[in-house]
1. Please report the antiparallel percentage of the DSSP beta bridges confined to the chain, to the nearest 5.
2. Can you list the lysines whose alpha carbon is less than 23 Å from that of residue 70, not counting same-chain residues fewer than 8 positions off?
3. Over segment 6-65, what percent of the accessible surface lies on carbon and sulfur atoms, probe 1.4 Å?
4. Per residue, how large is the accessible surface of the chain? Use a 1.4 angstrom probe and give square angstrom.
5. Out of residues 5 or more away from residue 364 or on other chains, whose amide H comes under 5 Å of its own, with H placed 1.01 Å from N in the peptide plane?
6. Would you work out what percent of the accessible area of segment 70-360, with all protein chains in place, is carbon or sulfur (probe 1.4 Å)?
7. How long is the gain from residue 345 to residue 61 if the chain were fully straight, where each residue apart is worth 0.36 nm and the alpha carbon distance is subtracted?
8. Taking amide H positions as placed 1.01 Å from N in the peptide plane, with prolines and chain starts having none, which residues 5 or more places from residue 66, or on another chain, fall under 5 Å of its amide H?
Amino acid sequence: MKPAAKYLLGLDIQELTKLVENYGQKPYRARQLYEAIYKQRIASLDELTVFPKELREKFEQEGYTVTGAKVDQRFVSRDGTIRYLIGFPDGQSVETVWMPDGDDGEAGDGTEAGEEETAPTRFRRATICVSSQVGCAVNCKFCMTALLGLKRNLAAGEIVGQITTVLNDHNVDIAKERVNIVFMGQGEPFNNYDNFIKAVRLLVQGVRIGESRMTVSTSGIVPRIADLSKEEIRPKLALSLNASNDAERTKLIPINKKWDINALVEAAKAFPLRRRENITFEYVLLEGENDSLENAKEVIDIVKSMGKPPDRVKLNLIAWNSGPEIPFHTPSDTRVHAFQNAIRAAGIPAYIRRPRGRDIYAACGQLKKIVSIQPAAV
Ligand code: SF4
């Protein structure tokens, strides 16, 4: 009988060291394995050419393989965005989105600095939006992922595997090309904290993506904000505000009953910022719900209550991306710009996130594994 598959992607250097020692190998073999899996991003043990053939075969006989993640389907948008449906051996799948020119959500966060010197010609600054869970339990009322419910957490290797799969699909040279990672796909990363933070460490130390190029967004799991602040290696923080007062926020994001706006702001105030780092508030604009000038005034008060200088806090505005079964409307450009102007007039940087891949259900809040559109060939 074939042994059950065991995945190398997701193991850190200590775990790999133990593994090779079990095969009577010296620790330098673990370093070779680590470099091959994360830096070279090998997809199968056949590519592990630094290992003797017999050792590779022994690994294979015991069921070891690099990753169980594979591209099930790929949907290509008119704007160049690609939504991947990435499947795992247990039949579950998640979505991962490749945006070849970002979505402007990075504006003002410092990741543009120095772009001139190294900017590649085939994309300016790509962003990968990665999932942390299969589905989600948070139940934000404007989000299609919420309709899936929570199926399960992703292992660290399944989070990293989405990114290495997409990087390999585009043959990205991390040393030369500019890629940002946003933990904003399916799931609430802070409800799968240990796997999420392990994936971050592997991406930074193994895959070599700078932590300043990563942003994690939370719906407001306040205790984990404090945990993140203590991490030596961590992404930047974005908070899904989405409402200007508690009554509205509780309606849109039910966990606001547990951790209200004040609790969120206090946690954000206590979050130590690094050089050139800022905190982002994300705000999905829903027509007639949270997009009036009165709402803008309340948002200004919330942001100002942080007591941070203007270069340390910014607002990303997202005109809601529509989806079936969700009873909201997308505000007009005029309303979105009026909201942005009101925030900016108060001296707060506010950027409008460009919707990417709306036509293929890849945009923010649309990840619900919709497949009833024409997929491109895999
Ligand atoms: S917006 Fe994020 S946290 Fe809220 S339901 Fe959707 S995936 Fe979950």
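The values are calculated or read from the model by the stated rules, or taken from the named source; none is laboratory data. From a predicted model like this one, the values you see are computed outputs, not experimental measurements. No Cβ is skipped: glycine too gets one built from the backbone with ideal geometry, and neighbour counts run over all protein chains shown. Note: accessible area is taken over every heavy atom of the protein model, side chains too, but ligands, DNA and RNA are not part of it. Shrake-Rupley method; radii C 1.70, N 1.55, O 1.52, S 1.80 Å.
1. 40 percent
2. 2, 6, 39, 151, 198, 368, 369
3. 48 percent
4. I get 43 Å² per residue for this part.
5. Hits under the 5 Å cutoff: 356.
6. Carbon plus sulfur share of accessible area: 49 percent.
7. 95.8 nm
8. 8, 45
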